[in-house]
Amino acid sequence: MAEQSKLLLIDGHSILNRAFYGLPDLTNSKGQHTNAVYGFLNILFKTMEEEKPDHLTVAFDLSAPTFRHRMFADYKGTRKPMAAELREQVPMIKEMLAAMGICLVTKEGLEADDLLGTMSKIGEAAGMDVTILSGDRDLLQLATDKVKIMIPKTKKGGTETESYYAKDVRETYQVSPTEFIDVKALWGDTADNIPGVPGIGEKTAINIIAAYGSIEAAHEHAEDLKPPRAARNIVDFWDQARLSKTLATIDVHAKIDYDLAAAQIGNIFTDDAYRLCKDWGFKNILLRFDKESVDREEKDLTSRFSHLTSRTAFEEMIERAGQSQETWIGAGLFLKDHSAARAGQIRALAISFEGKAFFAEADTEARQLSLFGSEADDGSGDLIQSTDLRRGLQALADAGKNLAFLDLKEALSQLSFSDRGRSFDLQVAAYLLDPLSSSYPTEDIARDQLALSIPSYSEFFGKKKADQIWEDPEEVEHRMHYACYQAYVASRAPQKLLKRLEEQGMRALYEEVELPLVYTLYDMETAGIAVEKEALKSYGDQLVGRINELEEGIYREAGETFNINSPKQLGEVLFGQLGLPGARKTKTGYSTAADVLDPLAVNYQIVRDVLEFRQLTKLKSTYADGLAKVIADDGRIHSSFQQTVTATGRLSSTEPNLQNIPIRMELGKEIRRVFPAMEGCVFVDSDYSQIELRVLAHLSQDPKLIEAYRQGKDIHRATASLVFHTPFEEVTDQQRSNAKAVNFGIVYGISAFGLAKDLGISREEAQEYIDGYFAAYPRLHDYLDGLVEFARKEGYAVTLFGRRRPVPELKNSNFMQRQFGERVAMNAPVQGTAADIIKIAMVRVHDRLAKEGLRSRLILTVHDELLVETFEQEEQEVREILDQEMRGAAQLSVELEIDTHSGRNWYDAK
């Protein structure tokens, strides 16, 4: 054994535990928690870089956490059980370490401390320098001149490591490593369930052992110990002190089979470890792997990328692609302008088929020279233009090729399909499989569907924006690789995605709802909605007038002027100076959050004015000012509809968000007046009536709820009649209002606390309402309980149409998170089914308008509402289409009802 050989020993559970609590909760695409494993590996790599060991072993307790009770079966530990999210990562880290070829040691009946102590002695006896990495200070007793104890410590938001040889233990604690055992015997350690001696803390324990050397010697001289309480207790609790010393003493001569040769470090960056890192989403760790550990397909992938620099070469490639028998042809499309109002020019296009990818850019002077062994130019010097790229893409669609894109909606600005089934949207398909993800970039789809690791945008371009990278001649190689990767993944992922959708019962949802919806949303975005600029300005002026009135009133009530938008100043005025009740202190002053101010509004005019002031200033900035900035050259606003954002399947809109226009206050509703139908048209607006309650009636099959709907009763009055045991005709408006709150609250899993807050009643009274509701609709209660049990067992909630919403919160160790998970499990099937129905209705209405040859267009959706810009002579036909397609979107046990109105502007139509 070489004199300089180094052995690194790691306390597995200790470091895994530190990593778990040191990092935020991370999950991979399969919902597995990964933060502890990720943190452990980073600590491992950092320690290996610092220590440079040639031998490595990780020790684990067989069942963690364990307690040192080898000889004391009646001694009860009090340590909390391991969090479920951490427990599931123990076998994961063991699998990873085994894949890396790292020596793992466990033994029944022995704790990791005993294993580490024994292995450190074996290493030291073999002449090795030994380092033990652990967060447990018990291990300081193992320190010698050749054995170093490293203890990670969080400091200033980062992790630092304290290192202790024998001399360092003496300098820090004034005792030797072996004497440190006796310190622990007196001081105790609740983390390790060492009771110690009552009344003796760390400082006293150190002073006693520094003076006497052991607990035995201290016990013999008990009458001399200071303070008197320590002297008394070491006698009274002597048996406990001896037990504590036994518990604190690490066995360094345990009977284990440990071969130092097996601990020698080889290549830890193996193919198996690489695949696990990909599967668990450890992008940064993948960068540590040598090229030799990358799959053969990945190693030679970029060699199959070609840069085409002439029109002739590009057209020849398109011709070959058109003749290919490949199932899917992948396309990476990059536009100069992403606005739905303008079909932006194509900057670049990558096409992938038969395992190869080809890249072409619309030419500029900086792009005339290829640097990457491109396919030979025919010498004619013909340059590629944006129109060439567009024609080439359309030629493939016209040839009946199946084309796949990361973002199909964006591609529709450049081409049309006669058969929608020949197009594919990777993001939408990936979203259905993993609706909790925040985004669906190419690299994530490659990892999750193809087990392929490719660089991300930031790895190619850093923080540069698109305009910068596409105009920079030095980025041409990165552009080519980035685009080709996208096209290559698009060519290979559809079959994998479709297979997984089929396995999870969502292929029909994708093909019959989500994919057609891409086309519907594209047409809606392209059409946009008109805005009267002058009306918008007048609306803004109206808001300013009212805002000024409120501002003056608030200053009058306060007796001074201040910044109403400053929570700190507002809180000081309301609670510090005016002395309003219900003050809640924060680090920066008094809280002025809505939940604090809302209860005060009933009795205090200044609070009512502040809340209205807030609403109106938000209206002005978001809509009066915000809308003016996004009016396109055609005088219309072209909102973007997001299909892959919400976990329940609901659509959202951005730039601007037209779905959040407030409708509860009159001035909020007034904003709809600035949206007029174009000349010769009216708006026809259809809104589903109580769609979620009707869905709930169908899914639960509660007979009383179904019967109330079938009889056409006012459902809220019917509920009030049942809950309050009042004849239907005698239900008061207040009872109906309260029943309405319960009806809609039940859909969202409302608690007695939440209902009490909403209705301004006591929690006990709110609970009586909820109990009465479930007594009135008993099957509903069983149904909702069943949803929670299903989600807990299967890990997801599911809609009537098969849409899945994972509910990992149900397995969270945090009580509040589990409660949230229960509400999700109850709500997701209902809200998700309603979302599916409105999407089906959108597609059917959109397609029917086209099929009937009408000029009227579906232009907007807001939650359960559809807005059609309707030519006057087509109004009756449009109303019939809305009625037929919205009512017929789903066959439920109760009829789907809609309210339809028309008007010259959106306000009047609504």
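A compact table of results
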{"quantity": "Selected residue (criterion: nearest to I637 (Cα to Cα)) from residues of the stretch 656-669 that are crowded, with 17+ Cβ neighbours inside 10 Å and at pLDDT 80 or above", "calculated": "P656"}
{"quantity": "Every residue from the stretch 421-432 that is part of a helix (DSSP H, G or I) and either surrounded by 21 or more Cβ atoms within 10 Å (Cβ to Cβ) or at pLDDT 95 or above (or both)", "calculated": "R422, L426, Q427, V428, A429, A430, Y431, L432"}
{"quantity": "Number of positions in the stretch 468-492 that are farther than 27 Å from R275 by Cα and either outside any helix (DSSP H, G or I) or hydrophobic (A, V, I, L, M, F, W, C) (or both)", "calculated": "4"}
{"quantity": "In the stretch 617-635, the residues that are surrounded by 15 or more Cβ atoms within 10 Å (Cβ to Cβ) and polar (S, T, N, Q)", "calculated": "T617, T622"}
{"quantity": "Given (1) over 30 Å from K618 (Cα atoms); (2) surrounded by fewer than 22 Cβ atoms within 10 Å (Cβ to Cβ); (3) modelled with pLDDT of 95 or more, number of the condition A493 does not satisfy", "calculated": "(2)"}
{"quantity": "Residues within the stretch 558-586 that are surrounded by 16 or more Cβ atoms within 10 Å (Cβ to Cβ) and in contact (Cβ under 8 Å) with a residue 40 or more places away in the chain, tallied", "calculated": "3"}
{"quantity": "Candidates L56, L44, L104, filtered to the one that is surrounded by fewer than 17 Cβ atoms within 10 Å (Cβ to Cβ) and either over 23 Å from L23 (Cβ atoms) or at pLDDT 90 or above (or both)", "calculated": "L104"}
{"quantity": "Top-ranked residue of the stretch 110-142 - restricted to ones that are closer than 15 Å to A248 by Cα and hydrophobic (A, V, I, L, M, F, W, C), ranked as surrounded by the fewest Cβ atoms within 10 Å (Cβ to Cβ)", "calculated": "L110"}
{"quantity": "Extreme residue, surrounded by the fewest Cβ atoms within 10 Å (Cβ to Cβ), among residues of the stretch 146-195 that are of a type in the set (D, E) and modelled with pLDDT under 85", "calculated": "E160"}
{"quantity": "V197 more than 18 Å from W238 (Cα to Cα), assigned by TED's automatic domain parsing to the domain that holds P152 and assigned to a loop (DSSP other than H, G, I, E, B)", "calculated": "no"}
{"quantity": "Matching strands (runs of 3 or more DSSP E) fully within the stretch 845-910 where at least 1 residues are under 34 Å from the mean Cα position of the chain (by Cα)", "calculated": "857-862, 865-871"}
{"quantity": "Filtered residue count, the stretch 641-675, keeping only those that are under 24 Å from E534 (Cα atoms) and either of a type outside the set (D, E, K, R) or outside any loop (DSSP other than H, G, I, E, B) (or both)", "calculated": "20"}
{"quantity": "Matching residues, the stretch 173-194, being over 14 Å from A230 (Cα atoms), part of a helix (DSSP H, G or I) and touching a residue at least 60 places away in the same chain (Cβ under 8 Å)", "calculated": "I181, D182, K184, T190, A191, D192"}
{"quantity": "Positions within the stretch 201-230 being within 12 Å of Q174 (Cβ to Cβ) and not in a helix (DSSP H, G or I), in sequence order", "calculated": "G213"}
{"quantity": "In the stretch 433-467, residue modelled with the highest pLDDT [restricted to those that are part of a helix (DSSP H, G or I) and small (G, A, S)]", "calculated": "A446"}
{"quantity": "Members of the stretch 116-172 found to be small (G, A, S) and in a strand (DSSP E or B), listed by number", "calculated": "G158, S163"}
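Matching residues to (1) over 22 Å from P829 (Cα atoms); (2) out of contact with any Lys or Arg (no Cβ under 9 Å at 6 or more places or on another chain); (3) touching a residue at least 24 places away in the same chain (Cβ under 8 Å):
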site: A697; (1), (2), (3): no, yes, yes
site: A718; (1), (2), (3): yes, no, no
site: T732; (1), (2), (3): yes, yes, no
site: N743; (1), (2), (3): no, yes, yes
site: V747; (1), (2), (3): no, yes, yes
site: G754; (1), (2), (3): no, yes, no
site: D758; (1), (2), (3): yes, yes, no
site: Q767; (1), (2), (3): yes, yes, no
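The values are calculated or read from the model by the stated rules, or taken from the named source; none is laboratory data. Worth saying up front: this structure is predicted, and the values here are computed from it rather than measured. A quick note on method: Cβ atoms are made from the backbone with ideal geometry, for glycine too, and the neighbour counts reach across all protein chains shown.
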